[in-house]
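Bear in mind these aren't lab numbers, they're just calculated from the coordinates by the rules spelled out. Everything numeric in this text was worked out from a predicted model, so none of it was measured. Glycine also receives a Cβ, built like all others from the backbone with ideal geometry; neighbour counts cover every protein chain displayed.
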Protein chains: 2
Amino acid sequence: MTQQATLIAGAWREAPAGTPTLASLNPATGEALPDTYPVSDWVNLEAALYAARAAQAQLLARPDWAEALAGFLEGYAAQLEARADALVEMAHLETALPREPRLKAVELPRTIAQLRLAAAAAREPSWRQATLDTRGKLRSYFAPLDGPVFVLGANNFPFAFNGVAGGDMAAALASGHPVLTKAHPGHLGTSRLLAEAAWAALQAGDLPPALMQMIYHLAPEDGLRLVAHPLLGATAFTGSRAVGVRLKAAADAAGKPIYLELSAINPVFFLPGALAERGPALVDEYVASGLLGAGQFCTNPGLLLLVDDAAGRAFVDGVAAKFAAAKPGVLLSANAPEQLRQAVAALHAHGAEVVVGGQPVPGPASCFNNTLLRVSGDAFLAEPEALQREAFGPTGLVVLARDADQLAAIAEVLEGNLTGSFYTHTGAADDALYARLAPVVRRKVGRLLNDKMPTGVAVSPAMMHGGPYPSSGHPGFTSVGLPASMRRFAALQCFDNVRPDRLPPELRDVNPTGRMWRLIDGGWTQGDVPAA
Amino acid sequence: MTQQATLIAGAWREAPAGTPTLASLNPATGEALPDTYPVSDWVNLEAALYAARAAQAQLLARPDWAEALAGFLEGYAAQLEARADALVEMAHLETALPREPRLKAVELPRTIAQLRLAAAAAREPSWRQATLDTRGKLRSYFAPLDGPVFVLGANNFPFAFNGVAGGDMAAALASGHPVLTKAHPGHLGTSRLLAEAAWAALQAGDLPPALMQMIYHLAPEDGLRLVAHPLLGATAFTGSRAVGVRLKAAADAAGKPIYLELSAINPVFFLPGALAERGPALVDEYVASGLLGAGQFCTNPGLLLLVDDAAGRAFVDGVAAKFAAAKPGVLLSANAPEQLRQAVAALHAHGAEVVVGGQPVPGPASCFNNTLLRVSGDAFLAEPEALQREAFGPTGLVVLARDADQLAAIAEVLEGNLTGSFYTHTGAADDALYARLAPVVRRKVGRLLNDKMPTGVAVSPAMMHGGPYPSSGHPGFTSVGLPASMRRFAALQCFDNVRPDRLPPELRDVNPTGRMWRLIDGGWTQGDVPAA
């Protein structure tokens, strides 16, 4: 067993003997992997925070800080490319996600592309929304928060949502913040390899070495202290509702921004016309999306809403057959099957019937049978809260509404979600019902889809990966999409009557890049302030 | 005594006998004014919430909701204009603020102008920041929050920051939300007159009658329930830190957005060159700003930072003389003098010396002597937290730093504030020190000023009236400035692959107004999506 080191204050620190440790498990075999990883104590965490704080001061004192960060992000991307094979192998061992296509052809390239997009976003100051009121001598823009960002990544994407390499880290860094990142216990070794790549990129440049730090784990009470620490700028968390809500309470009490991506069940409405028109195709589409990554996507379509007619029942039968026929994927952690068993049991206790699956798969691998549950609209409306419990894995709950009116009643009781989807007839057959349901669902979700499954989350400036609580902590922010996700880590700063030579370049009369978009006296322009 | 009615669910409701009531006091005489005002109970509050919720659904179902709201805001403004004399008289009685120029020539016109600016902002959908990724078939914009907004106004501006007529109300309404407003106990009658004006404007149109509701008071525990209520969209609060923090905890725990404007002491640095160059003029400028409204501005310059040299001591002497000579203004409430006495005593207990003032003025009027305190840089650095306590009124604390280095050390320990100001030599004498101090202060305040007092808060798109905690609840939002302040009450909504005819007009290919600014494929434009 080798005990690995944490990256704190510009050095790989070995933990002293006696430090509590974690190990990674291979969920495909249930066996421990060879390395161990220390739990960082408060002394180390506070050292990291002070180092990050000093690094931010040093960083922002450079007039070219955004360019320097962009260079680092590109260097990091190149390091990941060069280390792809080792990263994919380690992530596969730790998560059992397939090497191909998932890890090597999809997730790692997406992660690398996202770092490059973040570099481009850092270079393009238009995201700062410089607003000039020349007559009032008031000029404002978004500026970095005062302090580093603590990033806690998710379990389900060892690269793309890893605290060390994912979207939150990239957005926080590109917007001017050193990051203190925490590995997820599900992929400690992958996180170490990512941090090593980042470290190599850092050493190749001249940025403060504490720009990026990485720990593996910390005591829960230290996490609560950290998110509330006066020196911290903000926290970004993707994970379980239970943990997220505790962190949120601690950060909120200290007035510290915290951005959360929590649970979601992503309702999908299959309207009667669509099912009558192309039911079998929709079965295929749903099954492919619902079982993607063994159902462990935050945008997994977990709640299916349809009318209990012949086409609706045929859809359920079709899905059940495909779920039964598909080989269950290996789950991300050893305790996932038991958690799923409990979640399914809870749904069952509140009136849902198991159509297919419902039990862990015996054997060493961490597997759960692909599971479809069904409940009547009446039963759902009787216990809407209990039946909106997330079952994170290859599971779906179908609600069979008596009729369109009941479907509308169900739409009204849906909780906040990341996404909401509608499948409708390609002609006009479902238009009236869509017009009735969509406005209700629209206000409860961040992203509304037509004729498309929600699992894909494009890194687009128009993406919204977030939504009303409890899917996230604030409905006005997205955690995916550049530069939109950077706006979370920004303070609005106004300069009032400040002498022209003391203004930051982004707010001076002359456009600093010749192409930065600025809102000058009510109109967006890439030009300079017109001469008086 | 006449007991006044609340405006709930489109009707003026009389409270039943036995309902607890409040009365207004005239702070100039200490005498109760003739009317009484009921405390609304939970039954009424929940009725208001349900009515507001239904009103929002009805409102947003209208394609022309923004135009309709603009019409209401303009009608409301006209009603206020027509009722100016009665409003000014009542506000003067309740707050003792001077009729002229403050109430009639300054604050009421500002309030009316702000309603008209809000009407214009409602009509101009550019604030929604429509973002179109045409290739990705993703389109997003800011949309109203799901639910009405609860607005609790401040005590210090009976019109401009009144929950019933002020900036928070205007921003919440203009962005698509019915508002449930609460009067401040310091101007109950003024709030009633404002609500009557709003009601007259509402009746002249065809908007839902519960678009605007008004209560006078509620039990503290009901306030905590209300801000956390599932049907509420958000809360906007301006007031004391103690109350704000309690409301914030309740709203945060329920995942409900809450925007707070809390305490601020608005540090002002007078650098040595400026004092040497034009000390007497700066005395005048500070005294005028510091005593404006008897010091009861959230942007009151309460903390003065200077070097303990001859010019610095002359500045203190000059201010002390003018403070002693100026007639103390009447404060907003009867208990204000005692609160100020306690605040001054607390500052004194932590090492501040009273230079002038420090005691209530005897007599029936609610008055406190204009008060200047002084503390050494050493003492300030020893107890920075205690010495940053707000003393809301005609008070200022001067910190006399040993030298520039100590001034820099003091800048480092400043808490989050709405504003920070620098007075510097008109030549280059203070440039080096400014360059050292300004970046430190910049990250701690929402608005940074040069050679200007912070008391004025222009309603500009580039204004930032907010700042790092504890001056507000989130450093990324402003409560003044249109349309910027509307962004607080907005959810980011993405449409993914949604059929073109189902998109809202703001996100369709054709620009709905021909001049709305939209970010299409990376560039801001007032044009349509170019034909493929």
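What per residue convex hull volume, in Å³, do the alpha-carbon atoms of the stretch B:96-174 yield?
For the stretch B:96-174, the hull spanned by Cα atoms encloses 91 Å³ per residue.
Shielding by partners for B:372-381, please: the mean number of other protein chain Cβ atoms within 10 Å of each residue's Cβ.
Mean number of neighbouring Cβ atoms from other chains: 0.
What is the percent of Cα-Cα separations in the stretch A:258-349 that go past 18 Å?
I get 54 percent for the Cα pairs in the stretch A:258-349 exceeding 18 Å.
Remind me, what semi-axes does the stretch B:333-386 give for its equivalent ellipsoid, largest first in whole Å, using sqrt of 5 times each Cα gyration tensor eigenvalue?
25, 11, 6
Tell me which residues come under 5 Å, amide H to amide H, from B:Thr419 once H is placed; ignore anything under 5 positions away on its chain.
Under 5 Å from the amide H of B:Thr419: B:Asn266, B:Gly446, B:Arg447.
Let me know the charge dipole size of the stretch B:275-350 about its Cα centre in debye, to the nearest 20, where only the beta-carbon of Lys, Arg (+1) and Asp, Glu (-1) is charged.
Computed charge dipole of the stretch B:275-350: roughly 240 debye.
How many Cβ atoms of partner chains, on average, are near each residue of B:140-150 if near means within 10 Å of its Cβ?
Whole-number average of other-chain Cβ neighbours for B:140-150 is 3.
Exceeding 22 Å between C-alpha atoms, which entries from my cross-link table qualify? They are B:Lys182/B:Lys452; A:Lys256/B:Lys248; A:Lys182/A:Lys256; B:Lys182/B:Lys256; A:Lys248/B:Lys248.
B:Lys182/B:Lys452
Would you mind calculating the relative contact order of chain A from Cα pairs under 8 angstrom and at least 6 residues apart, reporting the percent as a whole number?
17 percent
Would you mind listing the distances between the B:Glu385 label point and the same position in each other copy? Use 7 Å along Cα-to-C-beta, nm, one decimal, shortest first.
With the label placed 7 Å along Cα→Cβ, B:Glu385 yields 3.6 nm.
Any chance you could give the angle, 0 to 90 degrees and rounded to 10, that helix A:404-413 forms with the longest Cα principal axis of chain A?
That works out to roughly 40 degrees.
If each Cα of the stretch A:246-404 is one equal point scatterer, what is log10 of I(q)/I(0) from the Debye formula at q = 0.10, 0.13, 0.20 Å⁻¹?
-0.38, -0.61, -1.23
Using only the alpha-carbon atoms, how far is helix A:188-203 inclined from the longest principal axis of chain A? Give it as 0 to 90 degrees, nearest 10.
30 degrees
What is the dipole size for the protein assembly as shown, taken about its Cα centre, with +1 at each Lys and Arg Cβ and -1 at each Asp and Glu Cβ, in debye to the nearest 20?
Dipole of the protein assembly as shown, to the nearest 20 debye: 720 debye.
State whether the stretch A:146-226 is rounded, prolate or oblate according to the following rule on the C-alpha gyration tensor (a ≥ b ≥ c being the square roots of its eigenvalues): a/c under 1.5 gives rounded; otherwise a/b larger than b/c gives prolate, and the remaining case gives oblate.
Note, shape of the stretch A:146-226 comes out oblate.
Spelling out what I want: for every residue of the stretch B:490-497, take phi, set θ = phi - 60°, compute 6.51 cos²θ - 1.76 cosθ + 1.60 (Karplus), and round to whole Hz; glycine and proline get x.
9, 9, 7, 10, 10, 10, 10, 6
Which Rg and Dmax, in Å, describe the Cα atoms of the stretch B:297-349?
Every Cα atom of the stretch B:297-349 included, Rg and Dmax give 13.8, 40 Å.
Give the Rg (one decimal place) followed by the Dmax (whole number) of chain A, computed from C-alpha coordinates and expressed in Å.
Spelled out, the Cα radius of gyration and Dmax of chain A are 24.3, 78 Å.
If N is the number of residues in the stretch B:473-532, what value comes out of its Cα radius of gyration divided by 2.2 N^0.38 Å?
Its radius of gyration relative to the 2.2 N^0.38 Å reference: 1.38.
Take every Cα-Cα pair in the protein assembly as shown and report what % of them are more than 38 Å apart.
50 percent
In peptide A:225-234, how many Cβ atoms from other protein chains are near each Cβ within 10 Å, on average?
Averaged over the peptide's residues, the number is 1.
So for chain B, taking the charge dipole from beta-carbon charges (+1 Lys/Arg, -1 Asp/Glu), which of B:Ala409, B:Thr29, B:Phe157 sits furthest toward the positive end?
In chain B, that residue is B:Phe157.
Which shape class applies to the stretch B:380-495: rounded if a/c is under 1.5, otherwise prolate when a/b exceeds b/c and oblate if not, where a ≥ b ≥ c are the square roots of the Cα gyration tensor eigenvalues?
Cα axes put the stretch B:380-495 in the prolate bin.
Quick one: the Cα spread of the stretch B:310-443 along its three principal axes, in angstroms, biggest first?
Here the spans come out as 51, 29, 24 Å, largest first.
Given the -39500 (n - 2.57) contribution per DSSP H run of 4+ residues, what per-residue ellipticity at 222 nm results for chain A, rounded to the nearest 500 deg cm²/dmol?
-11000 deg cm²/dmol
Relative to the other copies, what are the label-point distances for A:Gly527, with labels 7 Å from Cα along the C-beta vector, expressed in nm at one decimal and sorted shortest first?
Label point to label point, same position, other copies: 1.6 nm.
So which GluC sites (Glu not before Pro) in the stretch A:360-415 pass both tests, a DSSP loop state and at most 12 other Cβ atoms within 10 Å of the Cβ?
A:Glu385
Through the Karplus equation 6.51 cos²θ - 1.76 cosθ + 1.60, θ set to phi - 60°, convert the phi angles of the stretch B:361-377 into ³J(HN,Hα) values in whole Hz; use x for Gly and Pro.
Coupling constants for the stretch B:361-377: 8, x, x, x, 6, 7, 9, 9, 4, 4, 10, 10, 10, 9, 8, 6, x Hz.
Using alpha-carbon pairs under 8 Å, 6+ residues apart, how would you state the relative contact order of the stretch B:367-408 in percent?
Relative CO of the stretch B:367-408 lands at 56 percent.
At 10 °C and 1.306 mPa s, what whole-number value in µm²/s does Stokes-Einstein give for the translational diffusion of the stretch A:190-332, with Rh from the Kirkwood sum over Cα pairs?
In µm²/s, the coefficient rounds to 83.
I'd like the per residue volume of the convex hull spanned by the Cα atoms of the stretch B:214-293, given in cubic angstrom.
137 Å³
Could you tell me the distance between the Cα centroids of the stretch B:467-489 and the stretch B:300-338, to the nearest Å?
29 Å
Using only the Cα atoms of the stretch A:1-117, build the gyration tensor, take square roots of its eigenvalues as a ≥ b ≥ c, and label the shape rounded, prolate or oblate: rounded if a/c is under 1.5, else prolate if a/b is larger than b/c, else oblate.
Note, shape of the stretch A:1-117 comes out oblate.
Quick check on packing: order B:299-307, A:109-117 by the mean number of other C-beta atoms within 10 Å, highest mean leading.
B:299-307, A:109-117
From the label point of A:Gln359, set 7 Å along Cα to the beta carbon, how far off in nm is each other copy's matching point, shortest first?
Label-point separations across copies, in nm and ascending: 8.7.
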